Amino acid sequence: MLDLQVFLQSKVFPYLSQHDINRLLSCAKVVLLKRGEKKSKRALYVVYRGRLRVDGEELVSGEYRLGECVEAIEESIVLEIDENCVAGVKLAPPAMVEEECRVSRLVKRSPITVPPSTPVIDAVKIMAKHGVSSVVVVKDEKPVGIFTDTDLRKLVASGGDLSKPIAEYMSKNLITISSEASCLEAVYRMMLYNIKHLVVVNASEKLAGVITVRDIAYIYGPYHLYYVRRIRSSCGLEELSKIYSDFVERVRRDASKFIDPQEIPDPITFTRMTTTVYHALMERVASIAAKKLNIDQDKVVYLVLGSGGRYEQFLVTDRDTMLVYRGLNESRVREFAEMVEDMLD
């Protein structure tokens, strides 16, 4: 047991407390699996020696996964830890980012919900209407299940009855996360449970929203893409102003790292990132102005010239631009251009 304890602490979970390590070990079972041997039981599997496939993902010594379908690729020694013992233990490492992102930051809209009695076909129509990939099934104001586009594909492929209540086909083992949890914890849970959607709940366990693997990708990918996405989905000037102010603050903080050239090895990439976001801002502002003035967006184009056109723009810009138009009189075009410039100011 001491060897396993050292193994877990040094190679698998170096950030866990002794108490949590002991908790995992208290309900762990050491299993020897011969090559090709299969096992079907939901548990946390930690590979001590050998190679293992858990729910289709290949694991080697020191790697782990919560899953059900297990197959030994080669003779393996595995720790099988009861799923109930995992609850409450934060297996994901602590965030190593400059400022911790909270799940609440990822929730951008009210969740789309249906009661358990809703026919599947009606739920699918609701998903299509709102342009979402899931609906949360709610009973007494609390989430009891989720139905996703993946569930729909499985249902159609198996010849299921779309007129039956969604409660019969929803995923009942609902994986939830607190709105105050870290974004890194959300990443970890998605990987651990092999899911693309997480139901977000508040302190009262009531539904607060849904986040997807795409939301996570925007946060942990190049951060300027996250701001481009927020700008393009913004609802008005007030929201746009806040988004861009947040971006400027982030850029200024990152720009200070140029004091140590090792921090940002490619300043050209950095200016391209800021220019990309500013282009998205201009596109969105122009779109809002065109809508307000009832101008067909196919009839007017903003061209960005100079440093902006070369993607060398930073935070201060002289807005070296050109307006190309067709089928509009000059007074309408001037009104549009002035409105865009006023909004950008």
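Just so it is clear, none of the values below were taken in a lab; they were calculated from the coordinates. Please read all numbers here as calculations on a predicted model, not as lab measurements. All Cβ positions, glycine included, derive from the backbone under ideal geometry; neighbour counts span all protein chains shown.
Summary of packing: across the peptides 295-303, 47-55, the per-residue average of other C-beta atoms within 10 Å ranks them, highest first, as 47-55, 295-303.
Simple point charges give the picture: +1 on the Cβ of Lys and Arg, -1 on the Cβ of Asp and Glu, and for the chain a dipole about the Cα centre of about 860 debye. Scaled to the globular estimate 2.2 N^0.38 Å, the Cα spread of the stretch 2-86, given as radius of gyration, is 1.00.
Over all pairs of different C-alpha atoms in the chain, the reciprocal of the mean inverse distance, the Kirkwood hydrodynamic radius, equals 24.1 Å.
How many percent of the alpha carbon pairs in the stretch 103-219 exceed a separation of 17 Å? It would help to have the intermediate numbers written out before the result.
Details: 3578 of 6786 pairs.
The share of Cα pairs beyond 17 Å in the stretch 103-219 comes to 53 percent.
A simple spin-label model places pseudo-atoms 7 Å from Cα toward Cβ; at R334 and N202 they are separated by 5.2 nm.
Positive end of the dipole of the chain, charges at C-beta (+1 Lys, Arg; -1 Asp, Glu), about the Cα centre: which of V12, V201, A157 has its Cα farthest in that direction? Ranked along the dipole, the leading option is A157.
Among 142-153, 34-45, the peptide with the highest mean count of other Cβ atoms within 10 Å heads the list, and the full ranking is 142-153, 34-45. How big is the antiparallel share of DSSP beta bridges in the stretch 103-219, given as a percent to the nearest 5? Rounded to the nearest five, the antiparallel share is 70 percent. Highest GNM mean-square fluctuation among A28, A157, A72, for the chain modelled with Cα contacts below 10 Å: A157. Using a 4.7 Å Cβ-Cβ cutoff, the cysteines of the chain lacking any partner cysteine are C69, C235.
Starting from 0.36 nm per residue, how many nanometres of slack lie between L32 and E283 once their C-alpha separation is accounted for?
Working: separation 251, 0.36 × 251 = 90.36 nm, distance 5.99 nm.
Here the segment from L32 to E283 would lengthen by 84.4 nm.
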